[in-house]
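Read through the structure below, which is laid out as structure tokens, and then see the notes.
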Amino acid sequence: MEAIMQDPNELRLDALEEALETIGMNLSLFDGFVTAQWVMPDVPVKSWIDTIQELVVEAGGAGKVTPEIAAQMAEHHKAVGEELRTEVYNPIFWLDDEGDEMWQLWAEGFGLAITGRPEFVQATLADEESEIAMSLTVVMALAGVAAGDDQMAEDLSDGDTDNLLTEAPEVLMQGLVALYYAQHAPERSLTS
């Protein structure tokens, strides 16, 4: 009889999902939030973990980010950074009953992180015609849709949210890649 080895990454994600549930947070939303940290200038781990605790409290959750949970969060942050750097990152999107990707929670988490850093948003959007500004605008529009802020989504997408929604998973990934390279490998950035 052969032993079946589980993928260590799956085991890590299962444990993280259980830990996040104790504080009232969804893994897909958290993955989007953590991924956003990698497209912005260095945000200390403790700073964004404190922000997560604030978001949990604001949402009415009673859970506390313990040192153990914070360590799991930091480990996922590191794993996402490595996956982005080596170009193997896949966002954690849930699937609906028809097998379609449910990107909304991931986009909402990404949007929560980005809008929590207005100086980054302002600096990135300063040159409205740049590829990076357009990428951030599209990602923020989808985050607005996901969060139920249809007005923000319409303002950012010139009212063409239907087209954005049709291709949302692909558009999110294209925007993420452009933003990541602008921060970490400007020579590979679309604007270079």
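Just so you know, all these numbers are worked out from the coordinates, no wet-lab data involved. Computed from a prediction, not measured in an experiment: that's the story for all the values here. All Cβ positions, even for glycine, are placed from backbone atoms using ideal geometry, and neighbour counts span all protein chains on display.
What's the extension gain from Gln122 to Asn90 if we count 0.36 nm per residue and subtract their Cα-Cα distance?
8.8 nm
On C-alpha positions alone, give me the angle between the axis of helix 45-58 and the longest principal axis of the chain, in degrees, nearest 10.
On a 0 to 90 degree scale, this one is about 90.
Just check the stretch 1-111 against the gyration tensor rule for me: Cα atoms, a ≥ b ≥ c as the square roots of the eigenvalues, rounded for a/c under 1.5, and otherwise prolate or oblate depending on whether a/b exceeds b/c.
rounded
Rounding to the nearest 10 and keeping the result within 0 to 90°, find how far the Cα-based axis of helix 67-85 lies from the longest principal axis of the chain.
50 degrees
Once you've got the GNM for the chain with C-alpha springs shorter than 10 Å, pick whichever of Val43, Val145, Val65 has the biggest mean-square fluctuation.
Fluctuation is largest for Val43.
In debye, nearest 20, what is the charge dipole magnitude of the chain about its Cα centre with +1 on Lys and Arg Cβ and -1 on Asp and Glu Cβ, if you could check?
Using only the charged Cβ atoms, the result is roughly 940 debye.
With everything on Cα atoms, drop me the angle between helix 168-184 and the longest principal axis of the chain, reported from 0 to 90° to the nearest 10.
90 degrees
From Cα pairs below 8 angstrom and at least 6 apart in sequence, can you work out the relative contact order of the chain, rounded to a whole percent?
Averaging sequence separation for qualifying contacts and normalising by length gives 22 percent for the chain.
Summing Lys, Arg as +1 and Asp, Glu as -1, what charge do residues with Cβ under 11 Å from the Cβ of Asn90 carry, Asn90 excluded?
Here the charged neighbours net out to -4.
Within the stretch 1-97, which trypsin sites (Lys or Arg not before Pro) sit in a loop by DSSP and count at most 16 neighbouring Cβ atoms inside 10 Å?
In loop regions of the stretch 1-97 (DSSP not H, G, I, E or B), the sparsely surrounded trypsin sites (Lys or Arg not before Pro) are Lys64.
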